[in-house]
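Here is the structure we will look at.
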Amino acid sequence: MKNMHWLILSICLLYIHPTKSLLPPDDSSCSNQCFHQLPSECPSPENPCRCRQLTNCQKAAVCCNVNRFTLKEGLACDITAASQIQSLHIRNASFDSFNLSANQNVWRNLRYMTITDGHIKKIDGEFAKQNSISCLNLSSNHINSIEDRALNTLFNLSFLDLSHNNLTDVPSFRKDHTIFLDISNNMYLNCSILTNTLQSHPEIAFVNENQTFCYPTKDLDFGWFQSQATLAFSQVKAKYELEKNCHQNCSCKTVSVNLAPGKMAMFEVEMNCANMSFLNLPVPLPDNTVSLDVSNNNITSIKELSEPSYQNLRSFIADNNKISSVQPLEGTKFISHFNTLSLQRNKFKFLETYVLDNIQFERNFNQRKLRLGYNTLQCDCNTMKLKVWLLSKLSHIPDYNHIKCDNLNVRIIDLDASKMCQSPQDWTDYIYYIITAEVLLLVGLIAKVSYDYWVFKTAGYLPWPANRMPRLPCDWLCE
């Protein structure tokens, strides 16, 4: 019996388009497939009875071109033991509202119920609780809505075909076991509805995914876009799988979708890995990740920013970590096109200005923000370069007031160059003074000695003070 059940489901999946019939059933096939008949099996137009029982399948019937009244009459006029019918196909029915609560004596024993190619605006009422329907086909009827409770009593349902209608929502039905659902070619479906169905009912197996489309909405699920294009269900499913299987328990969220003709939708992803006790940045990131938040972790380096999966990143928030250097930013694509870089409350002792100088803050990048606040640096004369850089970028660094010196308890922008660089400059000046004085003394001494020698040679005596100096043992050398 279990093999027979799966055989039934497999044959149902072969049914792709509602207007294409399977082979006309015989006595052995009426109970093993989703029942569907060709228009040629309909009663003749001259026959006032709009339903007829099939001769090759005693428990199957077909009704054509019916409304609320002719359907009831047809089920009674040419079908013996209508309550024993197990397979029923109703073609070209015209109903403003098809009430499932009517004709319960017929519906109760049906296993396969097919209503196609009609004009039905709404499905309401509900099946009796004691029913045996395993395959329900409501395709190609222009249905706009199905009442919430209409399908809730289908305990044995395994295949539901709602394709080629005008539905905007996936109706409610019992989902406590695997159900194959075909909701393709409903052109007014909302993508958020399909996403919610995937999230809340993973046991549903969608049929004809490539023919199932929906409209993205301007909400948090798909972001803002300038397009009226539809998304294939496969793309919605890819979005769902991306968010479901995010990296290492992080949360992923698609914030926008780029729709290009002839191409798969490209989702932009925000990834949140805050408060995860990470020691390193996550690698790899999901495709087209544009934002990453790794705040409140134990990350010591941002070297992974050079990884290929980080190439589309525009926002990077790594507050309250143990990062000690911005040097890994040098040469990365991120430093050239980021919008937000936040490194507050880390372990910086100094900031490499030669790296920060590579960040372009031209007029075209007014949105670009860099946050370095609540870091305490070791300040010296070289920190003056950082001050000059900060003063030139104040509009892009909103927390500049909170970048301070650990050893001086003063803000970087308040540093005084005359105090920070005073000692080396004063000692240099003193050395210059001493050298100058020594040179002058030497020149004066040479001039005095030369003068005394000239006087001695010409006048025969030594001028003062040379003649007052005591004779020394070495004076005979001069004589």
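The values are calculated or read from the model by the stated rules, or taken from the named source; none is laboratory data. Predicted, not measured: the structure shown is a model, and the values here were computed from it. Here Cβ is always computed from backbone atoms with ideal geometry, including for glycine, and neighbour counts include all displayed protein chains.
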Can you tell me which residues in the stretch 456-466 are at pLDDT 70 or above and part of a helix (DSSP H, G or I)?
PHE456, LYS457, THR458, ALA459
Pairs needed: first member in the stretch 310-325, under 20 Å from VAL255 (Cα atoms); second member anywhere, among the acidic types (Asp, Glu); C-beta distance under 6 Å; at least 6 residues apart or different chains.
ILE317/ASP293
Looking at (1) assigned by TED's automatic domain parsing to the domain that holds PRO39; (2) in contact with a strand residue (DSSP E or B) (Cβ under 9 Å, 6 or more places away or on another chain), can you tell me which one ALA128 breaks?
(2)
Selection from the stretch 199-220 of residues buried (at least 19 other Cβ atoms within 10 Å of the Cβ) and within 23 Å of the chain's Cα centre (by Cα) yields THR212, PHE213, CYS214, PRO216
Among ALA93, ALA82, which is of a type in the set (A, V, I, L, M) and at pLDDT 95 or above?
ALA93
Say whether the condition of being modelled with pLDDT of 90 or more, at positive phi and surrounded by 15 or more Cβ atoms within 10 Å (Cβ to Cβ) is met by at least one residue in the stretch 174-185.
yes
Enumeration of residues in the stretch 394-403 that are surrounded by fewer than 16 Cβ atoms within 10 Å (Cβ to Cβ) and more than 31 Å from the chain's Cα centre (by Cα):
LEU394, ASN401
When every residue in the stretch 131-180 that is over 22 Å from ARG91 (Cβ atoms) and either aromatic (Phe, Trp, Tyr) or in a strand (DSSP E or B) (or both) is compared, the one farthest from the chain's Cα centre (by Cα) is PHE155
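Return the only residue of SER140, SER145 being assigned by TED's automatic domain parsing to the domain that holds CYS42, among the hydroxyl-bearing types (Ser, Thr, Tyr), in contact (Cβ under 8 Å) with a residue 60 or more places away in the chain and under 26 Å from MET187 (Cβ atoms). I'd like the intermediate steps shown before the answer.
Numbers: SER145 fails: in contact (Cβ under 8 Å) with a residue 60 or more places away in the chain.
Every option except SER140 fails the conditions.
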